[in-house]
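Here the structure is laid out as structure tokens; the discussion comes afterwards.
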Amino acid sequence: MRLVDAARPTFARHETFHPRYGWFRKAYAVVAETPRIFVAKDAPVRIGVGKNMVRAIRFWGLAAKLIEEDPQSPNKRAPDLVPTSMGRSLFGDNGWDRYMEDPGTLWLLHWLLMAPPCLLPVWWLAFNEFHAVEFAEDDLLAAVTAQLDATEGWGVPHRSSVGKDVTALLHTYAPAEQSSGRTGFDDRLDCPLRELNLVGRPAAKRYRFRLGPKSSLPSAILTCAALDYLARTRTESRKAALSRLAHEPGAPGKAFKLTEAELLTAIEPTVAATESLRLSATIGSIQLSWSDTPGEIARQILDAYFDSATCNVQERSSRLPAAVALEGGR
């Protein structure tokens with residue numbers, strides 16, 4: 001997949017704010033209640049944040065595909081916003097994970113930020129076309145700027161806008177510097193996607209993509225990302241080589257920093273438990289095949305995953321002493 005097919009030429013629409021804890025859910029919730037909330041003059045008062053943060057929350061909701069512009073909106077210059085099917089599924093009244101308590105939700109949001117149409121082309125390039133493992137911020141900025149300059153039909157974005165997107169990416173995924181004093185729980189509150197441990201800080205002013213298996217990445221979420229990728233790229237066949245899902249730009253292997261072997265190990269449990277999916281080996285290749293539409297299978301897997309997660313949480317809570325259970329449920 002090419003950048004021009006995967007992303008839109010949008011830069012620094014986040015007002016320099018990386019996504020804070022609760023912003024994804026808030027973007028869905030305020031739009032579900034009032035479709036024109038983000039253009040209302042009293043939006044800062046009603047949402048409870050500053051004017052720039054209002055625009056940032058709107059952007060992150062759109063970027064994570066939890067809300068979208070209403071194609072039926074009469075005002076084309078400032079269209080109404082509506083929740084997407086994914087937004088309702090996650091955060092609706094009977095949503096899978098209304099309060100973002102399951103780690104799988106964070107991985108799912110990461111995938112949705114990267115999936116086409118991606119509103120973060122700098123991020124897409126960083127995960128898919130930037131091949132350094134350890135790097136400085138300036139290294140990443142130089143690499144993505146060069147690729148954007150060479151992208152036909154997009155024009156050349158302002159270097160400052162590209163720099164803001166690079167900084168936002170690092171603030172989103174990398175832990176805060178030790179000297180900042182924001183570590184541990186406070187650091188995760190600042191941005192929940194840091195819990196994914198996709199980017200580390202091996203030294204001052206240095207960053208490192210964390211390659212290899214991800215212990216907190218549920219098999220079901222990764223399998224659904226693979227199916228979602230196949231659905232979004234309109235694969236005509238009913239099978240795909242696992243090497244494509246691992247190595248093709250835009251595919252889950254790139255987004256989650258997994259090799260083909262690691263991808264296979266991670267999805268095997270879900271594939272084995274899903275009647276409409278099958279893994280098979282041919283000469284020199286492992287194939288994933290499916291008997292229903294990829295999007296429908298992904299939906300069924302997510303329903304089952306979050307239903308199981310909810311049951312596990314309720315079962316653990318029922319075993320706690322009453323006082324402890326009450327405290328944890330506040």
Exercise. Taking segment 244-292, which residues are in a helix (DSSP H, G or I), buried (at least 17 other Cβ atoms within 10 Å of the Cβ) and touching a residue at least 40 places away in the same chain (Cβ under 8 Å)?
Worked result: Leu245, Pro252, Lys254, Ala255, Glu262, Leu263, Ala266, Ile267, Thr270, Val271
For this session: Being more than 16 Å from Pro218 (Cβ to Cβ), modelled with pLDDT under 95 and part of a helix (DSSP H, G or I) is the filter here, so list the residues in segment 296-323 that pass it.
Result: Gln314, Glu315, Arg316, Ser317, Ser318, Ala322, Ala323
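Mind listing whichever residues of segment 204-231 are assigned to a loop (DSSP other than H, G, I, E, B) and open to solvent by less than 50 Å² (accessible area, probe 1.4 Å)?
Pass one, segment 204-231, residues assigned to a loop (DSSP other than H, G, I, E, B): 204-206, 210-218.
The answer is Gly212, Lys214, Ser216, Leu217, Pro218.
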Exercise. Which residues, taken from segment 75-90, are of a type outside the set (A, V, I, L, M) and in a helix (DSSP H, G or I)?
Worked result: Ser85, Gly87, Arg88, Ser89
For this session: Could you tell me whether segment 50-67 includes any residue that is open to solvent by 20 Å² or more (accessible area, probe 1.4 Å) and over 23 Å from the mean Cα position of the chain (by Cα)?
Result: yes
For this session: Kindly indicate whether Thr145 is surrounded by fewer than 20 Cβ atoms within 10 Å (Cβ to Cβ) and not in a helix (DSSP H, G or I).
Result: no
Problem set entry | Which numbered condition Trp96 fails, given (1) touching a Ser or Thr at 6+ places or on another chain (Cβ under 7 Å); (2) open to solvent by less than 20 Å² (accessible area, probe 1.4 Å) | (2)
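The values are calculated or read from the model by the stated rules, or taken from the named source; none is laboratory data. Quantities reported herein were computed from a predicted structural model and do not represent experimental measurements. With ideal geometry, Cβ positions are generated from the backbone for all residues, glycine too; neighbour counts draw on all protein chains shown. Just the protein is used for accessible areas: all its heavy atoms, side chains included, with ligands, DNA and RNA removed. Shrake-Rupley method; radii C 1.70, N 1.55, O 1.52, S 1.80 Å.
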